[in-house]
Amino acid sequence: MARGSDGESVLHKHLRVLQAFDILRPFLTLSEIAELTGLPTSTTHRLVAELEREGLLERTPERTYRLGIRLWEFAARTPGAVGLRELARPWLEAVHVRVRQHTQLAVRSGRDVLFIERMSTRDAVLNATVIGGRTPLAVSSSGLVLLAHAGAGVVAEVIDGGWPRFTSATIRDGADLRARLRRVRADGFAVTDGHIHLETRGIAVPIVGPHGEVEAAVGVVVANDGSSPQPFVELLTVAAAGIARALRAAQPPAGSDGRPPIGVRALVNGSRRSLDYLASLDADAPSPVSSR
């Protein structure tokens, strides 16, 4: 991998440019990108031009830049996020119809929760979750579910790295976190009353993948009104079981080497005839499905 005179790889510099954009800053000028990344203006100009040429950044008529749609195209091909999101959507919709607040699907990314789907209503309680947004593992119900089923090394890394205290109810320290994780494992769900916003509570349960490991969490954010979380837990548990069945059904049979091939069924949710057709397409034959 090519490296600059400062020892930083060119790829990493490109990633720094892409990471400058977020939900609060979807449009940036060249000078703003340089300021946020700490890169020289000349270097920023070159990197931005390369990313724009590849479709990873797009320039607007107002002379600002935004993330390119080709990034979405790449992301749409990963079974770990979009495939899970596709298979889970019918169950998330079923939960949301009942709850009418916020329904969320999340996976772990490093020391954070990464939300890959959310459903909401305009009159729902306060919740700052967005698709593609992150929250520290230790402060959310989905994060506690994912962290409770992660390795001891991940828990230690989270404790060493620390996390912000959003309210007086946020988990305080490592001892508090470890105790909470033991409870989550014993209960099979997590409830966080006012950990991020005092007026709201998060409730989440794990989603078990085809290989018996917790792959994701499904949760809701509702009013922190002191009512029993049990009805929500039961609703989410049914949804999580349904998503787990969908994940198992999407897993193709193992090949001769014992490893299951990754096929279209792991990526999309559709009619049986449509999936059969997509799975039968010969890569060398003309196809209406193109991945460029």
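Here are the numbers for this structure:
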item: Of all residues making up the stretch 178-199, the number that are in a strand (DSSP E or B) and surrounded by 24 or more Cβ atoms within 10 Å (Cβ to Cβ); result: 2
item: In the stretch 59-78, residue modelled with the lowest pLDDT [restricted to those that are basic (Lys, Arg) and loosely packed, with under 12 Cβ neighbours inside 10 Å]; result: ARG77
item: The one condition in (1) under 19 Å from ALA94 (Cβ atoms); (2) among the aliphatic types (A, V, I, L, M); (3) outside any helix (DSSP H, G or I) that ALA239 fails to fulfil; result: (3)
item: Single residue of ALA128, ALA156, ALA138 found to be at pLDDT below 95, small (Gly, Ala, Ser) and either under 23 Å from ARG172 (Cα atoms) or assigned by TED's automatic domain parsing to the domain that holds PRO26 (or both); result: ALA128
item: Pairs with Cβ under 9 Å, 6+ apart, first in the stretch 141-170 and on the phi > 0 side of the Ramachandran plot, second in a helix (DSSP H, G or I); result: GLY162/ALA138
item: Hits in the stretch 116-172 (condition: under 18 Å from GLY194 (Cβ atoms) and assigned to a strand (DSSP E or B)); result: THR135, PRO136
item: Filter result for LEU105 (closer than 28 Å to LEU147 by Cα, assigned by TED's automatic domain parsing to the domain that holds ALA156 and at pLDDT below 95); result: no
item: Scope the stretch 86-115; condition assigned to a helix (DSSP H, G or I) and either over 14 Å from the mean Cα position of the chain (by Cα) or surrounded by fewer than 19 Cβ atoms within 10 Å (Cβ to Cβ) (or both); matching residues; result: LEU87, ARG89, PRO90, TRP91, LEU92, GLU93, ALA94, VAL95, HIS96, VAL97, ARG98, VAL99
item: One residue from LEU47, LEU56, LEU87 being out of contact with any strand residue (DSSP E or B) (no Cβ under 7 Å at 6 or more places or on another chain) and at pLDDT below 95; result: LEU87
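The values are calculated or read from the model by the stated rules, or taken from the named source; none is laboratory data. Just so you know, these numbers come straight off a predicted model, no measurement behind them. We place every Cβ from the backbone using ideal geometry, glycine too, and count neighbours over all the protein chains shown.
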